[in-house]
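Only the coordinates and a few stated rules stand behind these numbers; no lab work does. Quick caveat, the model's predicted, so the values are computed rather than measured. For neighbour counting, all protein chains shown are included, and Cβ atoms are generated from backbone atoms with ideal geometry for every residue, glycine included.
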Amino acid sequence: MAEKIRVENLYKVFGKKPHTAIPQLQAGIAKQELLKKHQLTVGVDNVSFGLEEGQFLVVMGLSGSGKSTLIRCLNRLIEPTHGKVYIDGVDITEISEEQLRQKRQAKFGMVFQRFALFPHRTVLKNAEYGLEVQGVAPELRRQKAMEALELVDLKGWEESYPDQLSGGMQQRVGLARALALDPDILLMDEAFSALDPLIRREMQDELLALQSRVNKTIVFITHDLDEALKLGDKIIIMKDGAVVQQGTPEDILTSPADDYVEKFIEDVDVSKVLTAESVMHKASAVTFPKDGPKTALHKMKEIGISSIMVVNKERQLLGMVHAEDTSKLARQHEPSLESILVRDIPSVHPSTSLHELFNIESFPVAVVDDEQKLRGIVIRGALLAAMSERRIH
């Protein structure tokens, strides 16, 4: 899939003659020294990453890490000092102000921590605002705003005013205002940070559900690791303007890059994040309905297992046979496995958390995809070993 966003060697330096800082940073000068000697402040320090269409990127870090500066460089609300920002292959650092304005209108929607709603405008009029600025005809902008409000479950509230809504509902209006523009990319800066914990979790769930329907490319800023792990296909962790680590949630949890990342993840219950896919063994040995008991026994003996999964030619799971039952059939010269096929075996999706796996009493557990095709097998020993290795408690 083609990249929607590509950032290459991006820097943002604040102060007079910021470009003079770039060679010094590349030579390894400390940011504190740059500030002390030249009164130059580093906001973003040599950041590079790529994001495919429809992916959800979470950028996280402590206050002052540069995450909010980075997100504003993506649509040039803050002008980068050095580097490239490609949107659909076009380097927006090289285009004119007019081209940039058009690109922002066509490609980007923004949602901020502060809801920034107009108190004197109804929910519908707030949702229409971006379209109004673009000069869209009243009838069309009303239609688009209503569609966006329906997407965020605010149908029926269009004539209400912001002060009549809860914090979560107000943030939904902000999201609807961005969605009404039908942008390819949503930039969300601490969008849920001002919400109460319960409402925040509800908004996270709603955003994931919305993402599955509209398939926007999302860049989401947060300082909350649990939020990052829940939402992100990919996570970037920043410190002092630089990227410390980037990867999938599992990459971050299982292979933290340094002590800074270790500190971030030390209190996370990894069992609720890691999945069956991370601990399963590939189902390299399977047997088929056409195979007789001797063939099935030979496959089990070859790799030292006492049971084997039975699949059809499309690798869809049919069940399992045990070595003891199969051996009896072989002695009876039975040609088919049908009479000993155990169909009622536990199975899970690859995305099932280890926490859920521990509630299953019978092992092995088959891991099957949405089409019931066998992807792998989880045995209890591998599950316990994975938990021990990752120091889950």
message: Rounded to the nearest 5, what % of DSSP beta bridges with both residues in segment 276-389 are antiparallel?
response: 80 percent
statement: So for R0 = 35 Å, FRET eff. of residue 336-residue 359 from the Cβ-Cβ r, to 0.05, ends up at 0.50
field: Pairs beyond 29 Å (Cα-Cα), from 144/272; 37/67; 16/107
entry: 144/272; 16/107
Between helix 197-214 and the chain: long-axis angle, C-alpha atoms, 0 to 90°, nearest 10: 80 degrees
- request: Determine the relative contact order of segment 47-186: mean sequence separation of Cα pairs under 8 Å and six or more apart, normalised by residue count, in whole percent.
  value: 27 percent
field: Options 171, 306, 296, ranked by Cα towards positive dipole end of the chain, top entry (Cβ charges)
entry: 171
- request: Using only Cα atoms, find the angle between the long axis of helix 380-389 and the longest principal axis of the chain, and express it within 0 to 90 degrees, rounded to the nearest 10.
  value: 40 degrees
- prompt: Each label point is 7 Å from the Cα along the Cα-to-Cβ direction; what then is the distance between the points at residue 370 and residue 266, in nm?
  reply: 4.0 nm
- line: Per its Cα gyration tensor (rounded if a/c is under 1.5, else prolate when a/b beats b/c, else oblate), the chain is best filed as prolate
- prompt: For the Cα atoms of the chain, what angle does the longest principal axis make with the long axis of helix 167-179, in degrees from 0 to 90, nearest 10?
  reply: 80 degrees
message: How much of the DSSP bridge set in the chain is antiparallel, in percent, rounded to the nearest 5?
response: 60 percent
- line: Note on segment 276-389: contact order normalised by length, alpha-carbon pairs under 8 Å, 6 or more apart, percent, works out to 31 percent
Mean Cβ count within 10 Å, highest first, over the residues of peptides 120-132, 295-307: 120-132, 295-307
